[in-house]
Structures are given as structure tokens and as C-alpha cells.
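The values are calculated or read from the model by the stated rules, or taken from the named source; none is laboratory data. Since we're looking at a predicted model, the values are computed, not measured. Because the Cβ atoms are built from the backbone with ideal geometry, glycine has one as well, and the counts that use them run over all protein chains shown. When the accessible area is computed, the model is the full protein with side chains, heavy atoms only, and any ligands, DNA or RNA have been set aside. Shrake-Rupley method; radii C 1.70, N 1.55, O 1.52, S 1.80 Å.
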Amino acid sequence: MQEKTKEQTRFSYHPELGGLEVVDARYYHKNFSRHSHEGYTINVIDKGVQKFYYAGCEHFAPEHSIIFVNADEIHNGQSATDSGWSYHGMSPLESQFNKLAADLGLGHNFAPYFPNAVVNDPCLAGQMRQMFSQLAESDNSLLRETLVYGVMSQLMIKYGKRAIDIRDYRQDHSGLSRVQAFIHEHLSENINLETLALLAGNSPFHLLRQFQKKFGLPPHAYQVQQRLQRGKALLRQGLKVAEVASEVGFHDQSHFHRHFKKAMGFTPGYYAREVACGK
């Protein structure tokens, strides 16, 4: 049996492409915790099969399939086989899709909602691989921008729906929206459940159940994910890892390091160095 190689993650940050984040990874035993990203997660599976929880159920993404996870949606990830899986992925922001939609004449604020977690589209998967290859190897800005523009256009046109069709329905519970806003406004603070329950106008027990049903995580875990997203933004601004850990409310740098790596697959120090190299 062929010996398994070490798990690998290569991350790159492209400010000239609107802050696009790109990952090339090979995993065998990696088991991502439930987490979310500021932007979308769009991956193409190169080898193996990935299993992941998303939108209330488990999904399986085989070789050559494309994974869609909408911005701020909770998900995890692991191999569905003993041989692991590899993929190339990107995390475009809603603002990038909004600009693209305006350029295409579809109107403003047209960030798509992707209803399908996994799609089988060999042609588009091939275009994505070509794009990732050129992002890694070519310094031709026009070529890189053209490929990214073309891939994102195809993704949005073929598989996206208008986000408002979904989100208007999801925001019916004003109490939960108040709780969510409070968490964002007091991100670094040690918030207690009783305060959140009063904001929601409900008991702590019912708040926990309803919040997790709507957002995919209980309030404390949701706060951690938002801290990580804020932490990434501060690292992109050039703050030191220890400063960021304190700023966003982690007990210490090692606490931040542990949560960051468990959710992202790489350390905050590595992320900061790659972002700095991309500037």
C-alpha cells in the first residue's frame, strides 16, 4: 500500500482580485469543525470524496464535483474514504458578486444564493482548475482577472439564485436578529445567556434551540466564528497575531491559534504571512 504523504494546505490572498482567498489542499485525516466564512466557499474536488454537513444534512462531493457553501453558512468537512481528498477552492465575497452582477447588467445587490450544495459540471470544473492553475503560476494580471471573471459569471448564472428570495424568509424572527446583532456589536465581550434571552424575548432554553436552528450553531459557538472572521480582517490589516487574539476576545494567542487552525486548516500566522506576500 502506498504510504500516505503529509497533509498539505497552500493558501494565497489576491488583493488585486477584490481580496479573493484561494486554497489548494490535500487532506487524509483532517476533520474541520463546524464553522463559517465571511465569503462564499466554492471548491472543486480534485481527488477522493469529501463529506460535509451543511444546511441541515450531510452531503458527499466526489471527484470533479463542485461544492457551494453560501456566505456565513455553517459547515464542516472531512474525507468520506480512507484515502482522503484534495481540492482547490476560493472564497469570493458578496461584494465581488454584486459588482459582477452590475457589470453583467443584472442590477445592483444581486449577490447570489446557491441552493445546491454539490453539482456535477465537468466543464465548469475544468474551467475552475485552469483558473486556479493560472492564479498559482501566471503573473499576467489580465489573464488572471479574465479567468476569475469568467468562472464567477458562470457560477452565478448557472447555479445562483437571488439572495433576497431566501433571506427575506429567514429574517422573520426579529428577536433572533436582535441577538445576532448584539453578538456582532459585543464580539470581544463575555456575553451571558440571560442577556441574550432578554433581547430575544424568550427563555434561555428556547433561545438556544431557536438560535441553533436558524444559524446552525449555538450562540457561544457562533460568537467564536464571528471572532475568527473579525480576526482574519485584522490580520489582513497587518496586526500581529497576539494583538488580534486580544482584540477579538480570545483568552490568549494559543486559544486563537487553536480555533483558527481547527476551522480554517492553517494557522493565523501562516494566513498573515501569505496575505502580506500577496500585497
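Observations on the structure shown:
- Qualifying positions in segment 260-276 - touching a residue at least 40 places away in the same chain (Cβ under 8 Å) and on the phi < 0 side of the Ramachandran plot: 262, 263, 264, 266, 270, 271, 274, 275
- Filter result for residue 228 (assigned to a helix (DSSP H, G or I), of a type outside the set (Phe, Trp, Tyr), within 20 Å of residue 13 (Cβ to Cβ) and open to solvent by less than 20 Å² (accessible area, probe 1.4 Å)): yes
- Remark: pairs (first residue in segment 201-215, in contact (Cβ under 8 Å) with a residue 60 or more places away in the chain; second residue open to solvent by less than 60 Å² (accessible area, probe 1.4 Å) and in a helix (DSSP H, G or I); Cβ separation under 8 Å; 6+ apart in sequence or on different chains) = 215/176; 215/180; 215/222.
- In segment 174-189, the residues that are open to solvent by 50 Å² or more (accessible area, probe 1.4 Å) and either closer than 16 Å to residue 248 by Cα or modelled with pLDDT of 90 or more (or both): 178, 180, 184, 185, 188, 189
- Scanning segment 1-52 for residues that are of a type in the set (Val, Ile, Thr) and assigned to a strand (DSSP E or B), we see that the one that is nearest to residue 159 (Cα to Cα) is 42.
- Residues of segment 111-143 satisfying the condition of being open to solvent by less than 40 Å² (accessible area, probe 1.4 Å) and in contact with a helix residue (DSSP H, G or I) (Cβ under 8 Å, 6 or more places away or on another chain): 111, 112, 113, 114, 119, 121, 124, 128, 131, 135, 138
- Meets criteria (among the charged types (D, E, K, R), free of Cβ contacts under 8 Å to residues at least 40 places away in the same chain and open to solvent by 20 Å² or more (accessible area, probe 1.4 Å)) for residue 63: yes
- Segment 173-197 residues that are under 13 Å from residue 207 (Cβ atoms) and without any contact (Cβ under 8 Å) to a residue 24 or more places away in the chain, paired with ones that are of a type in the set (Phe, Trp, Tyr) and part of a helix (DSSP H, G or I) (beta carbon under 9 Å, 6 or more apart): 195/182; 196/182; 196/211; 197/205
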